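Colleague: I am attaching a structure below and will ask some questions about it afterwards.
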Amino acid sequence: MKTILIVFLLLQQAAYSQSTTPDFQPYFSAVVVKDLTASVKWYQSVFDLKIKTEMNDPNQAYKIKILESANYLLEVLELKGSMIKDELLKGKPNGTELQGHFKIGFKISNANAWVVHLKSLGIDEPQLWTDSKSGKRNFLIKDPDGNLIQFFE
C-alpha cells in the first residue's frame, strides 16, 4: 500500500511540475496623463467606459479616475510629478524609447467597424496592416498623450 501511495504522489508531483500557466484574462491597465479631464473623455468615447471611482489628493499631488466596462478596467492618473515622454526624448536619435510598457493591445472582431467608430470620433484613420499568413488585420492609434493602443482582428 505504501508503494502505491508513493508512486501516486510521485506521478502527481511530475504532473504538477509540467503544468501550464494558470488561467488569466486581461482585465486592468493604468495610464498616466497630462490632463485627466481630456483623457477620461477620450477613453470614454473610444471604449464606452463609465466612471467607477474618483480619487483626488487633498494636497493636489494626484487625481485619479477608474473607468470600467463589463470586462475591462482602466485607471487614468494625473500625477503632479509626472514627466512628458516627448520632452524627455527631445534631442535623442529617432527610434529612442523609454524602457517600460510600450503599448496596450486589444483583440477585436472587426477592424472596419473600429475604423468607422474612430473616424466618427474625429480620430485620424489608422493605417491597417494585414498578416500575410492569417489575413487578420491590426492597427495603432494614440491617445491624447501619445500613448500607443493597438487593435488586433
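Colleague: Working only within the stretch 68-100, note down all residues that are surrounded by fewer than 10 Cβ atoms within 10 Å (Cβ to Cβ) and polar (S, T, N, Q).
Modeller: ASN71, ASN94, THR96, GLN99
Colleague: Consider LYS65 against the criteria (1) modelled with pLDDT of 95 or more; (2) loosely packed, with under 10 Cβ neighbours inside 10 Å: it satisfies all of them except one. Which criterion is unmet?
Modeller: (2)
Colleague: Quick test of your reading of the structure: LYS41 fulfils all but one of (1) closer than 16 Å to ASP145 by Cα; (2) modelled with pLDDT of 90 or more; (3) not in a helix (DSSP H, G or I). Name the failing condition by number.
Modeller: (3)
Colleague: If I go through the stretch 98-132 residue by residue, how many of them are over 29 Å from ASP86 (Cα atoms) and among the acidic types (Asp, Glu)?
Modeller: Residues that pass the stated criteria total 1.
Colleague: Restrict the check to the stretch 19-26 and report whether at least one residue is at pLDDT below 95 and not in a loop (DSSP other than H, G, I, E, B). Write out each step before concluding.
Modeller: Restricting attention to the stretch 19-26, the residues satisfying the condition of being at pLDDT below 95 are 19-26.
Adding the requirement that they be not in a loop (DSSP other than H, G, I, E, B) leaves none.
Among the residues of the stretch 19-26, not one is at pLDDT below 95 and not in a loop (DSSP other than H, G, I, E, B), which makes the answer no.
Colleague: For the stretch 31-60, name all the residues that are under 16 Å from LEU73 (Cα atoms), loosely packed, with under 13 Cβ neighbours inside 10 Å and touching a strand residue (DSSP E or B) at 6+ places or on another chain (Cβ under 9 Å).
Modeller: Passing the criteria: LYS50, ILE51, THR53, GLU54, MET55.
Colleague: For LYS133, all conditions in the list (1) surrounded by fewer than 10 Cβ atoms within 10 Å (Cβ to Cβ); (2) in the same structural domain as VAL33 (by TED's automatic domain parsing) hold save one; what is the number of the exception?
Modeller: Of (1) surrounded by fewer than 10 Cβ atoms within 10 Å (Cβ to Cβ); (2) in the same structural domain as VAL33 (by TED's automatic domain parsing), only one is false for LYS133: (2).
The values are calculated or read from the model by the stated rules, or taken from the named source; none is laboratory data. Everything numeric in this text was worked out from a predicted model, so none of it was measured. Because the Cβ atoms are built from the backbone with ideal geometry, glycine has one as well, and the counts that use them run over all protein chains shown.
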